[in-house]
Amino acid sequence: MAATQQATASLPEIEIYNTLSHAKEPFKTVSPGRVGMYLCGPTVYKPSHIGHMVGPVIFDTVKRHLVYSGWQVTWVVNITDVDDKLIAESTARGISMADLAREMTADYLENLAALGVDGIDEMPKATDHIGGIIRFIEGLIEKGFAYAAAGDVYFDVTRDEDYGKLTNRSVEQTQGEGGSTADRKRSAADFALWKQAKPGEPSWESPWGPGRPGWHIECSAMSEALLGDHFDIHGGGLDLVFPHHENEIAQSESLHGCPMASYWMHNGLMQAAGAAGKVGGRPRDGGDDAAAQAATKISKSTGAEPFKELLARHRPEAIRLLLLSTHYRSPIHFGEEPLAESARALEAFERLFARYERLTGTSFYGLPGRDRQAGTAAVAEINDSVAAEVSRLRDRFLEAMDDDFNTAIAVASLFDFVRLVNKFIDSHGLEKAPQPEAQTTLDAAMLTLRELTTVLGLFLEAPAAASGGADEALVGSLMNLVIELRARARKAKDFATADLIRDALGEAGILLEDRPDGTGWSQK
RNA sequence: GGCGCCGUAGCCAAGUGGCUAAGGCAGCGGAUUGCAAAUCCGCCAUCGUCGGUUCGACUCCGACCGGCGCCUCCA
């Protein structure tokens with residue numbers, strides 16, 4: 001008891017923007033010190049594209065910050081592995097739906113791993129929860145919120161007084177045409193909880209005959225199973241707010257009689273500049289050329305390329321940095337140019353890491369992480385004039401993260417941090433001669449940078465070596481020879497030769513840098 | 001038509017009723033360097049338009065213009 005209180009008391013105060021209230025709210029968990037977090041995952045019928053990665057990276061960062069700050073977090077991301085699109089795609093490819101789902105789930109997981117998303121605790125599959133889904137639907141029917149109709153089951157939107165509260169719509173405003181099953185629905189806005197199987201489709205037995213679950217019910221049933229009736233954070237892309245999350249709320253709160261999630265967090269969508277034509281949305285006035293040039297959301301309909309192909313051209317670190325450079329609720333402008341820019345920005349960090357390793361022999365990537373309390377204690381121990389600056393930048397970072405996970409400011413403070421450390425190295429002349437005291441401070445600063453970059457999930461692993469194998473050693477010794485020859489030329493003031501060597505290497509993609517402690521080279 | 005979001009420097013992107021309007025990329029000047037590269041220092045925006053509220057607004061309100069999302073599968 002005392003221990004729990006103490007643990008809770010040390011938790012920082014943070015604020016989270018809640019789509020439900022359209023405002024930032026102080027973060028209060030359902031149970032002290034613990035967080036249950038649910039993110040709507042992919043429908044695994046095609047390789048994932050960049051749009052599928054936004055939510056996972058954002059919520060991975062959310063989890064990292066919460067865990068770092070002292071909470072115990074359980075993060076669930078569901079896998080939709082039964083659905084019209086899966087049926088269609090597996091039929092087209094002549095494989096089973098289960099095989100298709102397995103293949104695409106593996107693809108998804110590999111992409112997440114590349115981006116450093118490693119905090120997911122549970123990835124429930126809809127097909128593993130059919131029993132729970134059926135019980136959930138039965139409960140809704142018993143309570144009068146749902147009805148069976150010709151082998152289907154629908155949620156009766158008119159029975160739910162709150163319906164539309166997430167998106168501020170009335171039932172009338174949500175009326176579509178009701179789709180192909182309009183004749184079975186009481187209201188056009190009713191949505192399917194259970195769909196009767198057509199001949200040849202994968203199906204499960206149920207009280208209403210063979211069929212499969214609707215899309216919305218999966219998330220209600222799986223979050224209930226893994227996080228309980230009332231959990232803390234429910235996340236997803238802004239495009240899921242309606243109807244998906246609205247319907248989840250309708251289902252779960254109608255059955256349980258309590259809030260489903262305390263905080264509804266929605267991330268902005270990827271935008272591709274210059275994409276032609278409008279994709280989503282109903283056409284407004286006539287067509288117009290101006291709109292055709294505007295940025296549009298990246299989605300499957302725009303033919304977004306598989307994420308794997310993107311990874312072949314861009315480092316995952318640059319992609320993650322780009323995602324975190326924009327506030328999570330804003331749209332992210334995405335494309336080759338922003339990505340290239342992000343990669344260039346990344347290099348400032350990596351040059352500092354390389355510099356640090358040259359000076360101390362310590363790899364930044366090998367530095368130990370630490371939690372928030374330990375970090376605060378460690379920073380207080382720094383005994384140098386830069387201590388105040390280190391502490392200030394760290395505070396700025398943490399305040400930003402506490403304020404609705406403002407990663408853009410957090411990243412900005414990290415760039416300031418890099419400058420601070422470089423300046424420290426410069427002003428102490430550490431590259432000219434070692435200085436034990438200054439080096440202790442340098443270590444402390446780098447440990448702090450390690451602490452903070454880990455919260456963002458950045459620089460988790462050293463970049464893979466450009467070329468592997470036996471060639472590497474050979475190139476290394478050749479480079480040593482060339483650099484030695486050039487050093488002799490420079491000593492002899494034969495700058496023409498020295499520059500010839502440097503220029504030629506430059507054309508070969510090798511960059512030379514003359515530093516106080518010698519010449520270094522890197523591959524461009 | 002309904003619901004919601006946005007419009008900040010060449011580009012990307014934070015943010016605040018009054019204090020220097022973050023940071024990145026690009027650019028310019030300087031220190032450093034044999035020259036470069038890297039690093040450091042400095043410079044580079046009055047916040048879509050028009051009105052209103054206020055002692056004071058980029059920040060609140062209104063109108064307008066422009067863009068985006070959702071209302072159909074979508075992260």
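The values are calculated or read from the model by the stated rules, or taken from the named source; none is laboratory data. For clarity, every value in this text was computed on a predicted model and none was experimentally measured. Methodologically, a virtual Cβ is constructed for each residue, glycine included, from the backbone with ideal geometry; neighbour enumeration extends over all protein chains shown. Side chains included, ligands, DNA and RNA excluded: accessible areas come from the protein's heavy atoms. Shrake-Rupley method; radii C 1.70, N 1.55, O 1.52, S 1.80 Å.
Things worth noting here:
- Taken together, A:Ile133, A:Ile87, A:Ile120 contain a single residue that is within 17 Å of A:His244 (Cβ to Cβ) and of a type in the set (Val, Ile, Thr), which is A:Ile133.
- Filtered residues of the range A:132-174 (kept if surrounded by 13 or more Cβ atoms within 10 Å (Cβ to Cβ), part of a loop (DSSP other than H, G, I, E, B) and within 12 Å of RNA strand B (Cβ to nearest atom)): A:Gly164, A:Lys165, A:Leu166, A:Thr167, A:Arg169, A:Val171
- Some residue of the range A:22-36 being small (Gly, Ala, Ser), within 13 Å of RNA strand B (Cβ to nearest atom), under 18 Å from A:Gly235 (Cβ atoms) and free of Cβ contacts under 8 Å to residues at least 24 places away in the same chain: yes
- Residue in the range A:432-449 that is under 30 Å from A:Leu323 (Cα atoms), hydrophobic (A, V, I, L, M, F, W, C) and open to solvent by 20 Å² or more (accessible area, probe 1.4 Å) present: yes
- A Cβ distance below 6 Å, combined with a sequence gap of six or more or placement on separate chains, defines the contacts here; from the range A:115-141, residues that are in contact (Cβ under 8 Å) with a residue 12 or more places away in the chain reach residues that are small (Gly, Ala, Ser) and open to solvent by less than 40 Å² (accessible area, probe 1.4 Å) in the pairs A:Gly116/A:Gly457; A:His129/A:Ala221; A:Gly132/A:Ala221; A:Ile133/A:Ala221; A:Ile134/A:Ser206; A:Phe136/A:Ala221; A:Leu140/A:Ala146.
- Considering residues of the range A:410-426 that are touching a residue at least 60 places away in the same chain (Cβ under 8 Å) and either of a type outside the set (S, T, N, Q) or not in a helix (DSSP H, G or I) (or both) only, the residue farthest from A:Thr448 (Cα to Cα): A:Ile425
- Residues (in contact with a helix residue (DSSP H, G or I) (Cβ under 9 Å, 6 or more places away or on another chain), within 16 Å of RNA strand B (Cβ to nearest atom) and either closer than 27 Å to A:Trp194 by Cβ or at pLDDT below 95 (or both)) located in the range A:92-116: A:Met97, A:Leu100, A:Ala101, A:Met104, A:Tyr108
- Hits in the range A:413-431 - residues which are within 26 Å of A:Asp118 (Cα to Cα) and open to solvent by 60 Å² or more (accessible area, probe 1.4 Å): A:Phe415
- Filtered residues of the range A:86-127 (kept if in contact with a Phe, Trp or Tyr (Cβ under 8 Å, 6 or more places away or on another chain) and not in a helix (DSSP H, G or I)): A:Gly119, A:Ile120, A:Asp121, A:Glu122
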